[in-house]
């Protein structure tokens, strides 16, 4: 069975691009445009990987992490994939249990696939 990836990104074209890349690689992809949608999606299906933006409307990434509590979901890897590089928020995200932080500006969409594959291999 293929891994399930939840993409949480408020930029619709970027969200769509990530979805296409990951689906073409054979992953099941769920998408959310904000943290509230992500909470609903994560309750329906426990994703293997969550790619999480920090700055979003309705409920931001830190709010999502607080509500979702990664410690309660040890089989889900969470990667903050954001252009927001506030050290306070990055530190807080790590405190809340994220596995990695990637600056989007330094990772092209094509690099996304290698990142997800690496995370899944590390989990096995």
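Just so you know, all these numbers are worked out from the coordinates, no wet-lab data involved. As the structure is a computational prediction, the values presented were derived from the model and not from experiment. With ideal geometry, Cβ positions are generated from the backbone for all residues, glycine too; neighbour counts draw on all protein chains shown.
Remarks
- As a proxy for reagent exposure, ranking 89, 53, 69 by other Cβ atoms within 10 Å from fewest up yields 69, 89, 53.
- Per-residue Cβ neighbour rank within 10 angstrom, fewest leading, 5, 119: 119, 5
- Counting every other Cβ atom within 10 Å of each residue's Cβ, 87, 73 order from fewest to most as 87, 73.
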